[in-house]
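Chemist: First the structure, then my questions, so here it is.
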Amino acid sequence: MSPEQRKEASELELHKRGIRINVQLHVIESDEEVELRTPQALMQRMLALWAVTGVASGGAIDCAIDGTTGDDAARYRLYLETHGLIDCLSAQERAFLFAEASPEKPVEELRTHFVEKQEALYFLAWAAGLTDKLAVPTQAANLKQVLKLFPRALEAPVRLQAALKPRRKGQLLDWSDLLYRLHWAVRHAHITGRDAPGNLNAVAVREWHQAANWLCQYEEENDWDKVSTET
C-alpha cells in the first residue's frame, strides 16, 4: 500500500467512527523508507516496559527472588541486572527503578507515567505477534494473557523469545498512519475542551503512537523517552 493509499484508508476509518479529519496532515513514510527495529530490540524494549510497568502498578515478579528485600523495584532491578538488560532502560525508566527522580519530576509522578506505559507494552506485544488482534482503542488494554509469556523469578526470557512472530512492515505502517491521525483528533479535542472523539481511549492512542513511531525508527530517534508523537 502506498503512503497515499494509507492516508485514504485511515481517513475513511475516522469518517466511519465520526472522528474529525485533518486533511492537511501529511502522508507517512513509504515501506521502502522505513527499517523496523530488530526482533531482539523489540524484545528488550518489552522487557524494559514490563519491569517499569510492573513496579508502577504494584505487580511484582511471580516468584520470590533470594537476596531481595521484597521491594518490587529491587526484584525487577535484580532481574534486569542478572540478564544484562540495565542498558535497555531509558533515562526515565532507570530513574524510576532506581528512585533517582529529580525534584521537578518526583517518583510518584513517574509512577503514573509508567502505569500508562502498559498501553505501549500492549501495542508492542501485538507488533511482536503475542496477540492475535488489535482494534482501535476505546478502553484500557488487558495484558493478562501477554504477561503469561514473560519471565518468572530469574528465568531467562526464553518463552517470550520463542513466542516472537514480528508483524509485517505493512501492518505496522497501516497502524502508524492511523494512530498519527487518531492522535491529532484526540489532541484537537483536548485543546478545545472536549472529550476524546469516537469513544477513544486518549492515553492508549498516545502510547500506541509512540510505540509505533519507535518501531518504525521515526526520525531515527533511538532514545525511547524522546520518540516524537508530533501531529
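Chemist: Out of GLY198, GLY170, I need the residue that is of a type outside the set (Asp, Glu), surrounded by 13 or more Cβ atoms within 10 Å (Cβ to Cβ) and at pLDDT 95 or above. Which one?
Modeler: From the options GLY198, GLY170, the qualifying one is GLY198.
Chemist: Continuing with the same structure: With respect to SER10, determine if the residue is at pLDDT 95 or above, among the small types (Gly, Ala, Ser) and in contact with a Lys or Arg (Cβ under 8 Å, 6 or more places away or on another chain). Please lay out each step first, then the result.
Modeler: On the way: at pLDDT 95 or above: yes; among the small types (Gly, Ala, Ser): yes; in contact with a Lys or Arg (Cβ under 8 Å, 6 or more places away or on another chain): yes.
Yes.
Chemist: Considering only segment 1-22, state which residues are assigned to a loop (DSSP other than H, G, I, E, B) and under 17 Å from LEU179 (Cβ atoms).
Modeler: Scanning segment 1-22 gives MET1, ARG17, ILE19, ARG20, ILE21, ASN22.
Chemist: Follow-up question, since we're still on this one. Residues in segment 173-195 that are part of a helix (DSSP H, G or I), surrounded by fewer than 17 Cβ atoms within 10 Å (Cβ to Cβ) and free of Cβ contacts under 8 Å to residues at least 40 places away in the same chain: how many?
Modeler: Total satisfying the criteria: 2.
Chemist: Any residue in segment 118-138 that is farther than 25 Å from GLN40 by Cβ, at pLDDT below 95 and of a type in the set (Val, Ile, Thr)?
Modeler: No, there is no match, as no residue in segment 118-138 is farther than 25 Å from GLN40 by Cβ, at pLDDT below 95 and of a type in the set (Val, Ile, Thr).
Chemist: Take the residues of segment 111-125 that are more than 11 Å from LEU49 (Cα to Cα), surrounded by fewer than 21 Cβ atoms within 10 Å (Cβ to Cβ) and not polar (S, T, N, Q): which is nearest to the chain's Cα centre (by Cα)?
Modeler: HIS113
Chemist: Can you confirm whether segment 207-227 contains a residue that is surrounded by 15 or more Cβ atoms within 10 Å (Cβ to Cβ) and more than 19 Å from LEU49 (Cβ to Cβ)?
Modeler: Checked segment 207-227: no residue is surrounded by 15 or more Cβ atoms within 10 Å (Cβ to Cβ) and more than 19 Å from LEU49 (Cβ to Cβ).
Chemist: Restricting attention to segment 90-106, which residues are among the aliphatic types (A, V, I, L, M) and at pLDDT 60 or above? Show your work before the answer.
Modeler: To start, the set of residues in segment 90-106 that are among the aliphatic types (A, V, I, L, M) comprises 91, 95, 97, 99, 101.
Residues satisfying the conditions are ALA91, ALA95, LEU97, ALA99.
Chemist: Here's another thing I want to ask about it. Of the residues ALA212, ALA153, only one is among the aliphatic types (A, V, I, L, M) and closer than 22 Å to ASN22 by Cα; which?
Modeler: ALA212 is the lone residue from the list that is among the aliphatic types (A, V, I, L, M) and closer than 22 Å to ASN22 by Cα.
Chemist: Let me ask another. Could you please find all residues in segment 196-225 being charged (D, E, K, R) and part of a helix (DSSP H, G or I)?
Modeler: Residues satisfying the conditions are ARG206, GLU207, GLU219, GLU220, ASP225.
The values are calculated or read from the model by the stated rules, or taken from the named source; none is laboratory data. From a predicted model like this one, the values you see are computed outputs, not experimental measurements. As a convention, Cβ positions derive from the backbone with ideal geometry for all residues, glycine included, and neighbour counts pool all protein chains shown.
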